[in-house]
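Asks: Below: one structure in structure tokens.
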Amino acid sequence: MIERFRIHFSPGSDERTVSVCLPRGYYDCDAAYPVMYMFDGQNAFEQEQADYGNSWALHEFLGDWEKGIIVVGIESSRESDRHLAEYCPYHLAPRMWEGLRGRGRATMEWIIGTLKKEIDSRYRTMEDRLCTGVMGAGLGGLMSLYAVTAFNDVFSKAACLSVPVGICYPQLLRQVRDGLIDPDTRVYLSLGENEARDKKMLAHLVACNLTVSNILQGKRARMYPALLEGGRHCEADWSRQTGEFMRFLWLE
């Protein structure tokens, strides 16, 4: 079951749609459920809502999955420049997107301070960090990695797909190294084999992902670094990883 509501998104000074997928039988019992927040939430469920007509169809997976969980899809801006700023946690160097001034921290503070409180008040949720995760791909994957390292007191689990590490690697590395990470943290970090322009670039991206993974493992976090054979930068290839990362984050 998918429910939707509109909410004021203060970092963008506009209204955003929040899509909430509830577990089967939610209204037939009094149980509370863990929650996973998804960036670019318009792509989470139905094709009609998705940016390019291809969704992750998460509701179909969740309908048959053995674990009851609430997934919250957060609509992102459809304007490219705003989307980049809202989903980038750092101010970039001039050579990167003309020195983009990222507002990703403000986005995360809104999610934690406004959206999570709204979700916890509307639905029967398990509010603690062990029952709270985040997921996304592309810039949404970057934000998920940022969330679980910068706000580890709120999020214990993250699925980070196709993270564009090249745009902010020094800042990201510093964040991962300096972050206070609880040993019960779990992070799925994946990259598609066909996302790089050549083998040299792919090797560089793989090395960056492994460095991040090794640092977090050194902090005793549970990591799942993955290279998706033939993987592209698209919803179809992200969605086929759903079972793998959901089992790792929530069942193992």
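Asks: Just give me the residues in segment 27-54 being within 23 Å of F155 (Cβ to Cβ) and in contact (Cβ under 8 Å) with a residue 60 or more places away in the chain, in sequence order.
Replies: A31, A32, Y33, P34, V35, M36, Y37, M38, F39, D40, N43
Asks: Still on this structure: Just for segment 18-45: of the residues that are out of contact with any Gly (no Cβ under 8 Å at 6 or more places or on another chain) and at pLDDT 95 or above, which one is surrounded by the most Cβ atoms within 10 Å (Cβ to Cβ)?
Replies: Result: L22.
Asks: Give segment 102-143 a look and list any residue that's buried (at least 22 other Cβ atoms within 10 Å of the Cβ) and more than 13 Å from the chain's Cα centre (by Cα), or say none.
Replies: If the condition is that a residue be buried (at least 22 other Cβ atoms within 10 Å of the Cβ) and more than 13 Å from the chain's Cα centre (by Cα), then G102 is the only one that fits.
Asks: Right, next: In this structure, does L84 turn out to be open to solvent by 20 Å² or more (accessible area, probe 1.4 Å) and among the aliphatic types (A, V, I, L, M)?
Replies: Against the criterion (open to solvent by 20 Å² or more (accessible area, probe 1.4 Å) and among the aliphatic types (A, V, I, L, M)), L84 qualifies.
Asks: Restricting to segment 3-26, name every residue that is in contact with a helix residue (DSSP H, G or I) (Cβ under 8 Å, 6 or more places away or on another chain) and under 24 Å from A159 (Cα atoms).
Replies: F9, P11, T17, V18, S19, V20, C21, P23, R24
Asks: Can you tell me which residue in segment 144-155 is nearest to L251 (Cα to Cα), limited to those that are out of contact with any Gly (no Cβ under 7 Å at 6 or more places or on another chain) and either open to solvent by less than 10 Å² (accessible area, probe 1.4 Å) or free of Cβ contacts under 8 Å to residues at least 12 places away in the same chain (or both)?
Replies: Within segment 144-155, the match that is nearest to L251 (Cα to Cα) is V148.
The values are calculated or read from the model by the stated rules, or taken from the named source; none is laboratory data. All values derive from a computational prediction rather than experimental measurement. Note that we place each Cβ from the backbone using ideal geometry, even for glycine, and neighbour counts take in every protein chain shown. Areas reflect the complete protein model, heavy atoms only, side chains present, ligands, DNA and RNA absent. Shrake-Rupley method; radii C 1.70, N 1.55, O 1.52, S 1.80 Å.
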